[in-house]
Amino acid sequence: MPTFFPHLGQTQTNAPADFLSARQAGLRESKASALIEIEIDATRQMVLLFAHGEQVGAFVVDNAQARPVVIHELPPAWVAAKKSYRLAILPDVAARLAWLACESQQRNALTLSGPEAWTRQLNLWRDARFAGLAQVSSASEQAFAYFQNGRPVKQDTIFSNADGFSSSLPEQWHEKDIQVVTYEINPASVANQCLQLRQSTRRWSNAVLKSYRNIAGQKLLQVMNHDVMLHIRPRQWNIQVEEEGILDEHFFPAVAQQAQAYQTVLLACNQQMSFAIGDYLTRRILIEMFDELSRDERSTLENHRLIPASISA
Amino acid sequence: MKSSIASPTRANDQLHLRWAMYASIMLTALFIWVYHYEPFTQISEYVNDKVLDILTLIPSLAAAYWGTKLARHFNQAEPPYRIWNTFAIGWWFWVGGELLGFVYDAIYRNSSYPELTLIDLFWALGYFFFGISLYYQFKLINFGKQRRLSLLYFLFIAIALALAYALTQWAFNAGLGADTAWLVVYISILYPVFDTFQGGAALRLFFLFGRGYLGRPWWGLIAFAIADSIYIFFWLGGDQWISPQAYTLLDLFSSTAYLSGYIISALAFLVAGDRLDSLSAPQAYHAPAQAGD
């Protein structure tokens, strides 16, 4: 029984021995983010996750609980055996949320029966200011969402059905028998470090751009965003600078790479802001908005040298 | 390695601005020539004066027009709209003052002006709107310290009024303006005092904005402050302490600084406006497609 995005990809049974390596090579070539599920037995499967063609993790999923394994340590006979494989090409957000789920511990699992129960659940999360990762699945739909203050976070939410993917949770879940799993995120996991850095950068950039918009106006903010996007375009990151801040929909397999990308984007923003309102005011905005972040957010950013001094230097 | 973003100014804009810059340099050179050598006095002094007035009117119109154009780029609910719209209104009042100068010169060609004229009203309203726009600008960049700023603003106005009062009293005691009404002398003194104060505020903005193009329109006020500081110096009797050659040079410098005030602000409005215009036809940007899209 597939766990992640079950309605996607085609399952190949009795695959040839070189099936896996051929698919891995294909993903590397196309730089696609994807997952490959390999059936081990009736209750267990292996999940391989890829970020832009590079494998970022291998997990054995046993009764919806994932644990990491090192794939090259698997017995060659096992790898070579004719297994049932499923390859699903995913948007970056979907792949990295699957990665986060695999690196987290299952906390709660419940079954909801129908649309009303789903709406009730959303309200419950909202009232309880739920924070964490939730996986919602039904027969042909699945969603992953990272919640903060009881609301799904825009850049870490994905909903998938036969029509494709969308980045918001549906208010109405039309299918019955909805399985909801919430996860306890492992703070030390790389997936979580990437998530925290993403969130902190989003919050900081949001506050900075809001201040800049106040001084320079909406139109100059749009000019800036446009120029920054042109600047980072050759990098082919799924990162956008929008009015609410940096929207990162790229699957970075390592937090250092992610921090480097943010540094580039923030430096470009800083430069554009300096053109309009000068170095001093730009630096002041960066510092004041950084100081308004929570201690955890500041420390996350500081750990990766995403600080006003390094951006406005 | 840090990469650097190219300057946002597009090639077309640069060409556009280069022409505006050349025109400004030519206008300034022409002004200096007419002011210093008075070539049109061969026709009459009046003609020479009018040529100078026309050369001053051109950049004042440009400043008011481009200031208004800049303000129109913003939504009325946005804070920068208030700043630039108020600033542009101030410039239009000064354009009105310059134009009324032509009217009064024509009417009173062979006599002196009345003590108080409509020109004074237009200058005063110009100062009023400049003051308000400066207040809005400081308020915007002093996030969260607005109460203190309002107090400072009113304090500055009070000090400027008091200083103008003190200078008026001193002028009368020194025997200056004996045949003129007290209010007229007070208003005459108030202009350069306001100019100096607004120039000081603009100087502060110069340091805050640095070379940022949204701070440059204020630089014009610094030029006016310089021009009027020299005027105050002369008025206080400074012209008696320096040689005639130094006086001529300072006088020319002061008049050119006054003209430059308009030119600097006009060019700065043009640069900022062009930057905003560039959004009208941006290069198409398409986000990289995601896998699975």
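Quick look at the numbers
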item	result
B:Leu55 accessible area, 1.4 Å probe, all protein chains in place, Å² to nearest 10	10
Candidate aspartates and glutamates for bridging to A:Lys176, where Cα separation is under 15 Å - those fewer than 8 sequence places away on the same chain excluded	A:Glu116, A:Glu141
The protein assembly as shown, helix-only ellipticity at 222 nm - DSSP H runs n ≥ 4, -39,500 (n - 2.57), divided by all residues, nearest 500	-19500 deg cm²/dmol
Mean Kyte hydropathy of -1.0 or more with a Cα span along the axis of at least 30 Å, helices from DSSP in chain B	B:11-37, B:45-72, B:79-107, B:118-141, B:146-173, B:182-209, B:244-277
Exceeding the 22 Å Cα-Cα cut-off - candidates A:Lys154/B:Lys139; A:Lys210/B:Lys139; A:Lys154/A:Lys219; A:Lys154/A:Lys210	A:Lys154/B:Lys139; A:Lys154/A:Lys219
Probe 1.4 Å - accessible area at B:Thr117, Å² to nearest ten	20
Amide H partners (placed H, <5 Å) of A:Gly57, local residues excluded	A:Leu49
Over region B:5-134, relative contact order from alpha-carbon pairs under 8 Å, at least 6 apart, %	20
Cα gyration tensor, region A:105-184 - rounded (a/c under 1.5), prolate or oblate	rounded
Average beta carbon contacts from partner chains per residue of A:232-244, 10 Å cutoff	2
Accessible-area order (highest first, 1.4 angstrom probe) of the listed residues A:Ser21, A:Ser104	A:Ser21, A:Ser104
Heavy-atom SASA rank of A:Ser33, B:Ser150 (probe 1.4 Å, accessible area, largest first)	B:Ser150, A:Ser33
Centre separation in Å (Cα based) which lies between region B:68-114 and region A:259-306	40
Folded to 0 to 90 degrees: helix A:255-291 orientation relative to chain A principal axis, Cα	20
Distance between region B:166-213 and region A:192-210 - C-alpha centres, whole angstrom	49
log₁₀ of I(q)/I(0) at q = 0.10, 0.13, 0.15 Å⁻¹ - chain A, Debye sum with one point per alpha carbon	-0.62, -0.97, -1.19
P(r) of region A:10-147 over all Cα-Cα pairs, binned every 5 Å from zero, in whole percent	2, 9, 17, 21, 19, 13, 9, 5, 4, 1, 0
Region A:190-311, accessible surface, carbon-and-sulfur percent (1.4 angstrom probe)	43
Set of aspartates and glutamates with alpha-carbon distance to A:Lys31 below 18 Å, sequence-local pairs under 8 removed	A:Glu54, A:Asp92, A:Asp248, A:Glu249, B:Asp293
Rounded, prolate or oblate (a/c below 1.5 giving rounded, otherwise prolate when a/b exceeds b/c) for region A:190-311 by Cα gyration tensor	oblate
Total accessible surface hidden between A and B, rounded to 100 Å², 1.4 Å probe	3600
Prolate/oblate/rounded call for region B:72-164, Cα gyration tensor, a/c under 1.5 rounded	oblate
Helix A:190-216 axis, angle to chain A major axis (alpha carbon atoms, nearest 10°)	30
For region A:90-189, accessible area per residue (1.4 Å probe, heavy atoms of protein chains only), Å²	43
Residues in region A:190-229 that, when all protein chains are in place, have 50 Å² or more less accessible area than the chain alone would give (probe 1.4 Å)	A:Asn214, A:Ile215, A:Lys219, A:Leu220, A:Val223, A:His226
Aspartates and glutamates whose Cα lies under 20 Å from that of A:Lys83, excluding same-chain neighbours fewer than 8 positions away	A:Asp18, A:Glu37, A:Glu39, A:Asp41, A:Asp62, A:Glu73
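The values are calculated or read from the model by the stated rules, or taken from the named source; none is laboratory data. Bear in mind that the values here come from a model prediction, so they are computed numbers and not experimental data. So basically every Cβ, Gly included, is an ideal-geometry build from the backbone, and we count neighbours across all protein chains shown. In case anyone asks, the SASA skips ligands and DNA or RNA and just uses the protein heavy atoms, side chains included. Shrake-Rupley method; radii C 1.70, N 1.55, O 1.52, S 1.80 Å.
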